[in-house]
Amino acid sequence: MTPISVTAHRAAILDSLGDPAELGIENSYRYFEDGLIIVEEGKIRALGKASELLHTLPAEVPVKQYENALIIPGFIDTHIHYPQIGMIASYGEQLLDWLENYTFPAEEKFVDKQHAQEVSETFLTELLRNGTTTALVFGTVHPESVDAFFSCAEQKNLRMIAGKVMMDRNAPQNLTDTPDSSYRDSKELIERWHGKGRLHYAVTPRFAPTSTPEQLAIAGKLLTEYDDLYMHTHLSENKNETAWVKELFPEQTGYLDVYDHHELLGKRSVFAHGVHLCEDECQRLADTDSAIAFCPTSNLFLGSGLFNLPQAEQYKIKVGMGTDVGAGTSFSMLQTLNEAYKVMQLQGKKLHPFKSFYLATLGGAQALALDQHIGNLEPGTDADFVVLDYHATPLLKYRMAQASSLEERLFVMMTLGDDRAVKHTFAMGQPVHSRDTPHKNAPQGV
Ligand code: GUN
Ligand code: ZN
């Protein structure tokens, strides 16, 4: 008798094998025109041609077949703020004023645990609607915000990383903690959630201007006290911000050095933005195996600048894609790649569709040191995957009919596609979003 937990999915299937910059485009991906993935107990059991795998399946195993579709690994968002979903698309400011006028007031509401629970549900529903199955997520300063988020992610059996914001200066009083309280609160959250199911904790100092040196030292201390913790913060996003960091930390040689001095760099450290980095900083990020989250929609929306991806590539810095909602303007990784392409165009550079695809899947997993578990469809990894619909909109359908290669179809999908192109999302082999039968917690119109 076959266990009920075996399922199979048949369609065109694409996954990434590594960075095209290292492997060359042709060696960087696997593609099966008529492919099959077999899922068992939440993991990928097999991936290959349908013609070679179908006969290995007992007759009672259900095979779901998708037409005009492409199965890919779930997208990975390496930088996003769940409490900011309510103020996405706020008008008119650059980073520091935007924080003061829009962000902090939105985050103050998370003192209310029920609000945090409701927003967590709406946020995760929206991520899954967009095909994102793993994210590195900012909470607020309130520990309850992280309890609410992790509870919700646990119920959905998602692989998620999150942490409580540490912020002890240069913010409204009701959003600040202290070095001691941030240590205690973070520690309690780590004990409660880190390593539970597929959840991981990130020590989360907001950015250098909102932490005293004492608090940054506490963040560094926490990282030494538990295995495999993440460190998640912002770095060199905006020119006024970087100038402010120089004033606040005159002894340090630069922005990155503030974090380095407090031992916050490493294999599980993710720095959002990195738009204004010098050569030494790039070298140091590479030497410490730290990662950058490239957030094109946010960097354009806040007028922060153009991320230099070729420079990061040259230094072999790990890079993942980040939406950075609410400064970012879309939950869609497809739309994030669309904007990344334009950011490169403005610098006279190209972003190949297979490089884009890598960045949004396996590259993100590598940036998060999670590529043993997620990022492609290798047998043994978590069965987190997405079914994309080539015919999702009339324009997509029409344009796809003119496309003659996978490369072209992929590029059209990431240029014209968005949440409408995500037909199904699966986490651990279970359906967590189906476009045509919407979830009750998706944001509703009035
Ligand atoms: N720098 C410090 N806090 C934030 C934030 O919430 N969003 C962005 N984009 N940058 C930040
Ligand atoms: Zn951010």
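The values are calculated or read from the model by the stated rules, or taken from the named source; none is laboratory data. None of these values were measured; they are calculated from a predicted model. Positions of Cβ are generated from backbone atoms using ideal geometry, with glycine treated the same way; all protein chains shown enter the neighbour counts.
Here are the numbers:
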| item | result |
| --- | --- |
| Residue that is nearest to the chain's Cα centre (by Cα) [pool: residues in the stretch 131-145 that are within 16 Å of ligand 2 (Cβ to nearest atom) and not in a loop (DSSP other than H, G, I, E, B)] | Ala135 |
| Sole exception among (1) acidic (Asp, Glu); (2) away from ligand 1 (no atom under 16 Å from the Cβ); (3) under 26 Å from Ala421 (Cβ atoms) for Asp77, by number | (2) |
| Residue, farthest from ligand 2 (Cβ to nearest atom), within the stretch 301-322, restricted to residues that are part of a loop (DSSP other than H, G, I, E, B) and under 20 Å from Glu241 (Cα atoms) | Asn308 |
| Selection count where residues are crowded, with 21+ Cβ neighbours inside 10 Å, closer than 27 Å to Lys267 by Cβ, more than 16 Å from ligand 1 (Cβ to nearest atom) and touching a residue at least 60 places away in the same chain (Cβ under 8 Å), scope the stretch 293-350 | 2 |
| Out of Asn101, Asn130, sole residue that is more than 22 Å from Tyr201 (Cα to Cα) and either in contact with a Phe, Trp or Tyr (Cβ under 7 Å, 6 or more places away or on another chain) or away from ligand 1 (no atom under 16 Å from the Cβ) (or both) | Asn130 |
| Of all residues in the stretch 217-244 being without any contact (Cβ under 8 Å) to a residue 60 or more places away in the chain and within 11 Å of ligand 1 (Cβ to nearest atom), the one that is nearest to Ser304 (Cα to Cα) | Ser236 |
| Which listed residue is in a helix (DSSP H, G or I), away from ligand 2 (no atom under 16 Å from the Cβ) and within 25 Å of Lys318 (Cα to Cα), from Leu124, Leu128 | Leu128 |
| Residue that is surrounded by the most Cβ atoms within 10 Å (Cβ to Cβ) [pool: residues in the stretch 231-283 that are among the basic types (Lys, Arg) and farther than 19 Å from Asn170 by Cα] | Arg268 |
| Out of Gly380, Gly375, sole residue that is small (Gly, Ala, Ser), over 15 Å from Met333 (Cα atoms) and assigned to a loop (DSSP other than H, G, I, E, B) | Gly380 |
| Selection status of Lys196, part of a helix (DSSP H, G or I), charged (D, E, K, R), over 17 Å from the mean Cα position of the chain (by Cα) and surrounded by fewer than 20 Cβ atoms within 10 Å (Cβ to Cβ) | no |
| So Asp389, is it at pLDDT 95 or above and surrounded by fewer than 21 Cβ atoms within 10 Å (Cβ to Cβ) | no |
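Each row is one residue, and each column tells you yes or no for (1) of a type outside the set (A, V, I, L, M, F, W, C); (2) within 16 Å of ligand 2 (Cβ to nearest atom).
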| residue | (1), (2) |
| --- | --- |
| Trp244 | no, no |
| Glu247 | yes, no |
| Gln252 | yes, no |
| Leu256 | no, no |
| Tyr259 | yes, yes |
| His262 | yes, no |
| His273 | yes, yes |
| His276 | yes, yes |
| Glu279 | yes, no |
